[in-house]
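Novice: I am attaching a structure below and will ask some questions about it afterwards.
The values are calculated or read from the model by the stated rules, or taken from the named source; none is laboratory data. Fair warning: this is a prediction, and the values are worked out from it, not measured in the lab. Quick reminder, even Gly has a Cβ in these numbers, built from the backbone with ideal geometry, and neighbours come from all protein chains shown. Note: areas computed on protein heavy atoms with side chains; ligands, DNA, RNA excluded. Shrake-Rupley method; radii C 1.70, N 1.55, O 1.52, S 1.80 Å.
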Amino acid sequence: MIFNNIKRKQAVKDFFEYVESELLTNEENSDVINGVKKQLKKGLELIENNEWGIAFENLSSELVEHYIIVDRKGNDLVKKVIKLCKLNKKWEFDLRRINSIGYKMGSWKLTDSEKLAKENIYTFYKPSREILNNLKVGNIVKLTFEFESSNPEHPGAERMWVEITEINKGKFIGTLDNHPFYLHELYAGDEIEFEYKHIIDHDLGLSEPNLVDKYYDRCFATNKVLYENAPINYIYREEPMEVDKERDYVDTGWRILSGDESDEYMEDLENISLVSVGSVLSRDDSFIDLLDSEVGTSFERNENGIFKKINE
């Protein structure tokens, strides 16, 4: 029993030493850091009185409250303390600020964003090779990490930044520049190997014309078109909503319908959604050449499948 207490005490002391010598060195001095240092001092007194569990939980609560996140080494120390002191396993997740319960270990892979961009040309932009050829060691790029999980609330992927450390013949090596929120086995600083096809964003400050930006502004479409797979047979353009400077988009004035919506259906605002023009074009872009038409114009698809201007 005495030997076990010695091991517990040492495990908590090791965690305290890690926080003071490694975790806090990456943080700027502030009221928050001074608060953590006070908790370290109080905790050491508790440890000497064999109240190591209380000392650990008090310090951990302080770290969690102020979003100070442990790395791989810190997490190993936390797991050791939890096991020896029989503490709540939630501390392992809280101290990493991670929501990974249900994550399937070993399931993550990088998304082929070139394939995704080809399949979703109006809603998914991937920087061109001409842009990405400017990348150098030290630049950061964003990648998409797909993963499997038994938790239905988890998304299918997590996007994170990686700092490039090596470039060789179209292959990249970098270090993870984010703390993952879902991928339990990855930590900030982990080495990641990737290719051009995986990159979805960068810090180069360069841009280029693309269809996602071009068709980013909004239109109203009925839910029949958006969610019930009804064909688009009738479109018209009216005066758009007033511009709101707090929004990063404008209303184009386009209204997209199947054409068989009843007056009662249209009066129910729950049946109409404000979406990007690109999201509608992803379903059917047969009317794309009409989108520069002036306000007040209407088009209906005829029996040959061609949109014709109508007078109303």
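Novice: Placing +1 at every Lys and Arg Cβ and -1 at every Asp and Glu Cβ, with all other atoms neutral, what dipole size does the chain have around its Cα centre, in debye to the nearest 20?
Specialist: Details: 41 positive and 61 negative charges, 427 e Å.
Around 2040 debye, computed over the chain.
Novice: Please give the direction-averaged projected area of the C-alpha convex hull for the chain, in square nanometres with one decimal. Mind dumping the intermediate values first?
Specialist: Working: hull surface 92.4 nm².
For the chain, the mean projected area of the Cα convex hull comes to 23.1 nm².
Novice: Continuing with the same structure: Determine which aspartates and glutamates satisfy two conditions relative to LYS104: a Cα distance under 12 Å, and not lying fewer than 8 residues away in the same chain.
Specialist: Leaving aside aspartates and glutamates fewer than 8 places away in the same chain, those within reach of LYS104 are GLU146, GLU148, GLU185.
Novice: Exceeding 18 Å between C-alpha atoms, which entries from my cross-link table qualify? They are LYS9/LYS42; LYS38/LYS83; LYS42/LYS86; LYS37/LYS73. Don't skip to the end; give the middle numbers.
Specialist: Values: LYS9/LYS42 15 Å; LYS38/LYS83 26 Å; LYS42/LYS86 22 Å; LYS37/LYS73 20 Å.
Pairs exceeding 18 Å: LYS38/LYS83; LYS42/LYS86; LYS37/LYS73.
Novice: Note down the net charge around GLY106, summing +1 for each Lys or Arg and -1 for each Asp or Glu among other residues with Cβ under 12 Å from its Cβ. Each step should come with its number before you reach the end.
Specialist: Details: positive: LYS104, LYS109; negative: GLU148, GLU185.
Net of charged neighbours comes to 0.
Novice: With every protein chain left in place, what is the accessible area of GLU62 in Å² (1.4 Å probe, nearest 10)?
Specialist: Estimated to the nearest 10 Å², GLU62 gives 30 Å².
Novice: To the nearest 10 square angstrom, what accessible area does ILE310 show with a 1.4 Å probe?
Specialist: 50
Novice: May I pose another question? Solvent-accessible area per residue for the chain at a 1.4 Å probe radius, Å²? Please list the in-between numbers first.
Specialist: Values: 18200 Å² over 312 residues.
Solvent-accessible surface per residue comes out at 58 Å².
Novice: Same structure, new question: Using the crude model of +1 on Lys and Arg Cβ and -1 on Asp and Glu Cβ, and no other charge, please compute the dipole size for the stretch 104-190 relative to its Cα centre, in debye to 20. If you can, show how the numbers build up before the last one.
Specialist: Details: 11 positive and 13 negative charges, 77 e Å.
For this selection, approximately 380 debye.
Novice: While we're looking at this one, here's another question. With Kirkwood's inverse mean 1/r over C-alpha pairs for Rh, give me the Rg to Rh ratio of the stretch 213-263, two decimals please. The partial results should precede the final answer.
Specialist: On the way: Rg = 12.3 Å, Rh = 12.0 Å.
Ratio value, two decimals: 1.03.
Novice: Next up: Grab every C-alpha pair in the stretch 1-108, bin the distances at 10 angstrom width from 0 up to the longest one, and report whole percents.
Specialist: 14, 48, 28, 9, 1
Novice: Exactly which chymotrypsin sites (Phe, Trp or Tyr not before Pro) in the stretch 1-70 are in a DSSP loop and have at most 11 other Cβ atoms within 10 Å?
Specialist: Details: sites: PHE3, PHE15, PHE16, TYR18, TRP52, PHE56, TYR67; in loops: TYR67.
Filter output for the stretch 1-70: TYR67.
Novice: Could you order HIS66, HIS198 by accessible surface area, starting with the largest, using a probe radius of 1.4 Å?
Specialist: Numbers: HIS66 65, HIS198 25 Å².
Reading off the accessible areas and sorting them downward yields HIS66, HIS198.
Novice: Also: Based on alpha-carbon centroids, what's the gap between the stretch 185-203 and the stretch 37-59 in Å, whole number please?
Specialist: Spelled out, the Cα-based centre of one part sits 38 Å from the other.
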